[in-house]
Amino acid sequence: MPFQPLKSPLLILTLNKRGVEVHPILLIKLMKKLFTTLSMLTASAFLSGVCHAQDDKLLTVFSYRHYESDTELYKKFTEQTGIKVEVVKSKADALFERLKSEGAKSKADLVITADAGRLIKAKAEGLLQAGGSETLHKQVPTNLRDSEDNWFGITVRSRIIAYSKDRVKADEIKSYADLAQPEWKGRVVARSSSNIYNQSLLAAMIANEGPKAATKWAIGVRKNMARNPQGNDRDQIRAVASGIADATIVNTYYVGLLANSEDQKDRDVAAKIGICFPDQDGKGAHINISGAGICKHAPNKDGAIKLLEFLTSKTSQETFPKATSEFPLSMESSVPLLQSWGKFKADSLNLEKLGEHNAEAAKAFAAAGWE
Ligand SMILES: [Fe+2]
């Protein structure tokens, strides 16, 4: 059909190939649409840029720690860097399960937990990635971090022998080995072997003395128990204070947390407890860390490294002993309670070894009937 112009030239603006005329009102509508689409595209490109910029300013931390002092440190970090820290708190196993199930979709940048044993397991399960820096290498001693920079220690604790000051003389106990001796029959309490703190202690013994000696020790201690393994570290200390047993094995900061508690009953418990850093003439007391691993799919890996550098810096390190009775990475603290425990020799074992011997430790506990 030949082209038929409209009568008014004002109404004729253009044609398509098939000779269909495009009415100006339609054109205006088309132009409006085009403009809206372009605006939306521009806005979305702009927003994605903004969002990316926001990602760099946001850090998601999965944490097993539940201390108010940690929150204060995150606030300081935000003030210094402009990076907001969002914390997801849960039990360690739950956090690692979540990391596993979320996979590449996970928003977690850093996972903070207690005990190198847990971080070693997380690395073995492919949940972490390498992310070191010169600062981190300087601030975290070699034996307290992963050799491939997947995890780093933040604080230190020693797994010590806590005893009743009423019933045990300070020189009566010097070594973990003492607790396995016949004279301690019915005088020891301990928590379950499913607990990572005990697994790591035994793994350290296996690394230092071999599986035979470690199994023999576990058998001896299990025989000396006043009750079946149960409860957490605080429960063991309370059992010693109340006379159920004379000694137990716990992490140092639990004695500190009871001593600094607002509850008078806790302070009374702590007052009855003496602390023995074992094996001062040998390998030294077993130490472990509270530490952090860089998550495999961290959207803000740089931020994670920055937070790690901040938490292991001198200023942050001074905060931990005051707030949680944990040792700083340097092991040097001016906090009176920690000083009252005295200087001690810590086992210098590289904590990576705990992972190597974890399965053997489980076997030794099973052989001992230490449930
Ligand atoms: Fe703990």
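Just so you know, all these numbers are worked out from the coordinates, no wet-lab data involved. No experiment lies behind these values; they were computed from the predicted model shown. Positions of Cβ are generated from backbone atoms using ideal geometry, with glycine treated the same way; all protein chains shown enter the neighbour counts.
If only the Cβ of Lys and Arg carry +1 and only the Cβ of Asp and Glu carry -1, the dipole of the chain around its Cα centre is close to 1180 debye. Its alpha carbons give the stretch 47-197 an Rg and a Dmax of 20.4, 72 Å. Max-minus-min Cα coordinates of the chain on each principal axis give 117, 41, 38 Å, with the largest extent listed first.
Would you mind pulling out the separation of the Cα centroids of the stretch 178-215 and the stretch 86-121, in Å? Spelled out, the Cα-based centre of one part sits 28 Å from the other. Extending 7 Å from Cα along the Cβ direction at Gln181 and again at Thr315 yields two label points whose distance is 5.0 nm. Between the listed residues Leu58, Gly132, Phe77, the Cα displaced farthest toward the positive end of the dipole of the chain, a dipole computed from Cβ unit charges relative to the Cα centre, is found at Leu58.
Computed from the C-beta positions of Ala259 and Ala367, the FRET efficiency with R₀ = 35 Å rounds to 0.45. Between Lys91 and Ala359, what is the FRET efficiency for a Förster distance of 30 Å, r being their Cβ-Cβ separation, to the nearest 0.05? Step by step, r from the Cβ atoms, then E = 0.85.
Packing, taken as the mean count of other beta carbons within 10 Å per residue, orders the peptides 131-141, 230-240 from highest to lowest as 230-240, 131-141. Across q = 0.15, 0.24, 0.25 Å⁻¹, the stretch 123-194 modelled as identical point scatterers on its alpha-carbon atoms has Debye log10 I(q)/I(0) values of -0.72, -1.10, -1.17, in the order of the q list.
Can you tally the net charge around Asp146? Count Lys and Arg as +1, Asp and Glu as -1, for every other residue whose Cβ sits under 11 Å from the Cβ of Asp146. Residues close to Asp146 contribute a combined charge of -1. As a proxy for reagent exposure, Ile287, Ile219, Ile305 were ordered by neighbouring Cβ count within 10 angstrom, fewest first; the result is Ile219, Ile305, Ile287.
Computed over the chain, the per-residue total of -39500 (n - 2.57) for DSSP H runs of n ≥ 4 gives a 222 nm mean residue ellipticity of -14000 deg cm²/dmol, rounded to 500. Rounded to the nearest 20, the size of the Cβ-charge dipole of the stretch 310-371 about its Cα centre is 220 debye, with Lys and Arg at +1 and Asp and Glu at -1. Taking each residue as 0.36 nm, the span from Glu332 to Ser192 lengthens on full extension beyond its C-alpha to C-alpha distance by 47.3 nm.
Between Thr81 and Asn228, the C-beta separation translates, for a Förster distance of 35 Å, into a calculated FRET efficiency of about 0.10. In straight-distance terms, cross-link reach from Lys89 covers every one of the lysines whose alpha-carbon lies under 18 Å from its own, apart from those fewer than eight places away in the same chain; here that gives Lys75, Lys100, Lys107.
Of the residues Val111, Ile244, Trp151, the one whose Cα sits farthest towards the positive end of the charge dipole of the chain is Val111 (charges of +1 on Lys and Arg Cβ, -1 on Asp and Glu Cβ, taken about the Cα centre).
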